[in-house]
1. Going by the conditions given, is residue 35 touching a residue at least 12 places away in the same chain (Cβ under 8 Å), farther than 25 Å from residue 205 by Cβ and not in a loop (DSSP other than H, G, I, E, B)?
2. Looking only at the range 327-354, which residues are within 17 Å of residue 282 (Cα to Cα) and assigned to a strand (DSSP E or B)?
3. Look through the range 93-129, keep the residues that are in contact with a strand residue (DSSP E or B) (Cβ under 9 Å, 6 or more places away or on another chain) and modelled with pLDDT of 95 or more, and return whichever of them is farthest from residue 148 (Cα to Cα).
4. Can residue 24 be described as more than 13 Å from the chain's Cα centre (by Cα), at pLDDT below 95, farther than 30 Å from residue 161 by Cα and part of a strand (DSSP E or B)?
5. On the given criteria, is residue 259 touching a residue at least 60 places away in the same chain (Cβ under 8 Å), surrounded by fewer than 16 Cβ atoms within 10 Å (Cβ to Cβ) and under 19 Å from the mean Cα position of the chain (by Cα)?
6. From the list 69, 93, 6, which residue is touching a helix residue (DSSP H, G or I) at 6+ places or on another chain (Cβ under 7 Å) and farther than 24 Å from residue 288 by Cβ?
7. Taking the conditions exactly as written (free of Cβ contacts under 8 Å to residues at least 60 places away in the same chain and under 24 Å from the mean Cα position of the chain (by Cα)), does residue 136 satisfy them or not?
8. Can you confirm whether residue 139 is modelled with pLDDT under 95, closer than 21 Å to residue 238 by Cβ and touching a helix residue (DSSP H, G or I) at 6+ places or on another chain (Cβ under 9 Å)?
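The values are calculated or read from the model by the stated rules, or taken from the named source; none is laboratory data. Predicted, not measured: the structure shown is a model, and the values here were computed from it. Reconstructed Cβ throughout: ideal geometry from the backbone, glycine too, with neighbour counts over all protein chains shown.
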């Protein structure tokens with residue numbers, strides 16, 4: 001794997017990007033980050049549904065209203081976080097709570113069935129620290145407790161104060177600072193819901209503040225993410241306050257994981273900007289190379305005329321309709337295109353590198 005410092009230097013040498021390249025890179029990140037950070041937490045929208053919703057404001061296929069609203073709110077949080085990072089102000093608890101308020105939108109009640117058949121309920125508060133204990137059941141079946149409601153405010157004060165001092169001191173690299181902040185924050189788990197999404201937004205707040213590319217934790221690689229956090233938990237122990245004051249030496253597995261994610265992100269950004277070949281496209285963390293020269297042409301025609309017919313495509317490409325249909329079926333199965341609406345229209349989900 002490439003050295004992070006050398007890779008970052010190569011990326012810096014490419015800046016500033018052309019306006020069109022920067023726009024395509026921003027669009028790629030916006031889709032990848034919003035989709036993956038929500039998908040990790042159970043959001044059921046597909047990558048294609050996410051793109052159509054966030055870029056066109058339309059809903060394709062069937063989807064839960066909660067998932068749609070959650071995705072739109074998360075996209076707004078990304079915009080707010082990006083704007084705040086560029087202001088170069090110290091991080092504040094009020095901003096973290098405001099971000100959470102936007103993400104959850106409003107308080108809501110959760111109902112749970114108890115073993116005896118009775119129903120229990122509790123309120124999830126938007127923009128307010130938790131009022132009830134929270135915990136997680138580990139893969140070994142053990143109960144892992146986060147900070148209590150009574151100690152949360154003090155621990156969050158310590159976390160934000162530590163971050164601003166450490167940021168000013170410059171002893172930790174940006175990715176070390178981001179990884180340690182993420183870990184300490186998760187051990188506090190200050191809200192009833194949304195902690196993982198807020199943690200990943202604030203990781204990117206820190207990276208962006210230091211002119212590093214923002215990163216995406218991929219949903220399909222969720223196990224590696226959780227395993228790295230778990231390894232740090234084992235080294236530190238179960239006491240929440242110990243985790244909330246962890247040192248960088250205590251979380252080496254998680255730091256290594258985060259560095260590897262950053263290396264991958266920078267490598268992909270460089271490849272995305274430099275490739276610019278007609279047959280190379282981007283889809284959720286992967287560069288996709290089409291063997292047939294007709295495939296990118298079909299994608300271009302669909303983008304230019306969403307209501308184009310198979311007969312039209314056949315005539316324009318000079319191939320028979322059955323060959324066109326076969327390619328459309330393959331592209332649809334892979335999620336690269338969607339045909340929805342009344343009247344039916346094509347939506348090209350996969351992103352061109354040119």
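1. Values: touching a residue at least 12 places away in the same chain (Cβ under 8 Å): yes; farther than 25 Å from residue 205 by Cβ: no; not in a loop (DSSP other than H, G, I, E, B): yes.
It is false that residue 35 is touching a residue at least 12 places away in the same chain (Cβ under 8 Å), farther than 25 Å from residue 205 by Cβ and not in a loop (DSSP other than H, G, I, E, B).
2. Step one: filter the range 327-354 for residues within 17 Å of residue 282 (Cα to Cα), giving 330-338, 347-354.
The answer is 337, 338, 347, 348, 351, 352.
3. The extreme case among them is 104.
4. no
5. Criteria not met by residue 259.
6. Values: 69 fails: touching a helix residue (DSSP H, G or I) at 6+ places or on another chain (Cβ under 7 Å); 6 fails: touching a helix residue (DSSP H, G or I) at 6+ places or on another chain (Cβ under 7 Å).
Step by step, each of 69, 93, 6 is checked, and only 93 is touching a helix residue (DSSP H, G or I) at 6+ places or on another chain (Cβ under 7 Å) and farther than 24 Å from residue 288 by Cβ.
7. Numbers: free of Cβ contacts under 8 Å to residues at least 60 places away in the same chain: yes; under 24 Å from the mean Cα position of the chain (by Cα): yes.
Criteria met by residue 136.
8. Values: modelled with pLDDT under 95: yes; closer than 21 Å to residue 238 by Cβ: yes; touching a helix residue (DSSP H, G or I) at 6+ places or on another chain (Cβ under 9 Å): yes.
Against the criterion (modelled with pLDDT under 95, closer than 21 Å to residue 238 by Cβ and touching a helix residue (DSSP H, G or I) at 6+ places or on another chain (Cβ under 9 Å)), residue 139 qualifies.
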